[in-house]
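See below for the structure under consideration.
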Amino acid sequence: MAKFDESDPRWIVQAREDGTNVNQWHWSEKDCSEWSKQRLGQLLGDLTLLSGPATAKTTGLQSVEGDSILNIRKAKLIASYELHIKVKWEGKTADGQQGSGLIELPYVADENHDEDPEVRVLLPDENAAAQQLKAEILAKGKEPIHQAIRTYVQELRSGKPGNSSSAGNAAAAAANGSGSSGGTAAAAGATGRSAAAQPGSSGSGSTAAKKSSKRSVSLTEKFYARRQDIYDCFTVQGRIQAFTQSPAVVDVRPGGAFSWFNGNIAGTFAELVPGQRLVMSWRFNSWEEGCESQVEINLSEPEPGNTVLQLKHTGLPEADKYGHGDVQEQVEQGWRGQIFNRIRAVFGFGV
């Protein structure tokens, strides 16, 4: 222990004469505004919004206003962004009348990274064709836009804008653990990050897998519905697509595979008891390759029309493949916000 009024050298990160930021210990940041404009132009510039009988598509990015910054501290990536986006669109009604305007996303920000942003449709004039297309885009054409923004946010938070610089190497620095004691400490708390930097290594990836069983989420939820209604929300393709508002594939049999949210969630059924119980493997595509968790759902109906769902989600990794250590928190929020609350809202099963 250090003496009074003396600093313990074990906890000091010394400034180096050569200016090297060892193991990304010191705070640094990268301006990602130009990358954001280019990437959002690629993602939003040519989207099919409506495919029939009315048709509509985006025709290019008009403007991106705001800031987008990638911060690195102790080898952890922290994305900060607040953007106002406008995209041009054009379309035709079912009877061939043309319309055009702008898609506006007034607030895309890091504080709402787990929510789909508001989408507005702006019209240069109020003709009947444009009004009709606006209504159809707002009713049926927002998902391609939301998916593009999800991709942008995921890439930004993973450090993709800085792959050729210190941001892209932050995870590798944590994994190497060489150099200062600060770097070793950072590596010790970030085993999930090392595999993201070195997917072929046998060290950190296996460590993350071994530690995956230590974290879990347990929830109890109530619905105004019969047990079979809730069971169907996990096994009937149409119902899954209705509340996720995205493509889903489901093969309902032990050993059958499923995927939700356009492949962002995937797994395999292990046990199926209609109306009562489901057991399945479960993984997000943002997790390390080979890392799977287990989901167990039990349904009871103490009174007719009042179903209690008990969820136990075990085997969560400590971090995703991008080094984000909030997996447990994100999974719990996802179950509540993106699944259970949507089931209540879409099917009227709210309590």
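The values are calculated or read from the model by the stated rules, or taken from the named source; none is laboratory data. Being a predicted model, the structure only gives us computed values, none of them experimental. No Cβ is skipped: glycine too gets one built from the backbone with ideal geometry, and neighbour counts run over all protein chains shown. Only protein heavy atoms, including side chains, enter the accessible area calculation; ligands, DNA and RNA are left aside. Shrake-Rupley method; radii C 1.70, N 1.55, O 1.52, S 1.80 Å.
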Please go through (1) on the phi > 0 side of the Ramachandran plot; (2) modelled with pLDDT of 95 or more for A257 and return the number of the only condition it doesn't satisfy. (1)
Number of the exception - L49 against (1) within 25 Å of Y322 (Cβ to Cβ); (2) touching a helix residue (DSSP H, G or I) at 6+ places or on another chain (Cβ under 9 Å); (3) at pLDDT 65 or above: (1)
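Can you give me the number of residues within the stretch 132-146 that are surrounded by fewer than 19 Cβ atoms within 10 Å (Cβ to Cβ) and either touching a residue at least 12 places away in the same chain (Cβ under 8 Å) or touching a Phe, Trp or Tyr at 6+ places or on another chain (Cβ under 7 Å) (or both)?
Final tally of qualifying residues: 7.
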Being open to solvent by 40 Å² or more (accessible area, probe 1.4 Å) and either under 18 Å from S259 (Cα atoms) or assigned to a helix (DSSP H, G or I) (or both): is that true of E318 here? no
Can you name the residue in the stretch 339-351 that is in contact with a helix residue (DSSP H, G or I) (Cβ under 8 Å, 6 or more places away or on another chain) and crowded, with 18+ Cβ neighbours inside 10 Å and, of all such residues, is farthest from A225 (Cα to Cα)? I339
Here is a check on your reading of the model: is S281 under 18 Å from K214 (Cβ atoms), touching a strand residue (DSSP E or B) at 6+ places or on another chain (Cβ under 9 Å) and assigned to a strand (DSSP E or B)? yes
State whether the residues of the stretch 67-80 include one that is touching a helix residue (DSSP H, G or I) at 6+ places or on another chain (Cβ under 9 Å) and either farther than 30 Å from Q328 by Cβ or in a helix (DSSP H, G or I) (or both). no
Somewhere in the stretch 299-314, is a residue under 16 Å from the mean Cα position of the chain (by Cα), under 14 Å from R215 (Cβ atoms) and part of a strand (DSSP E or B)? no
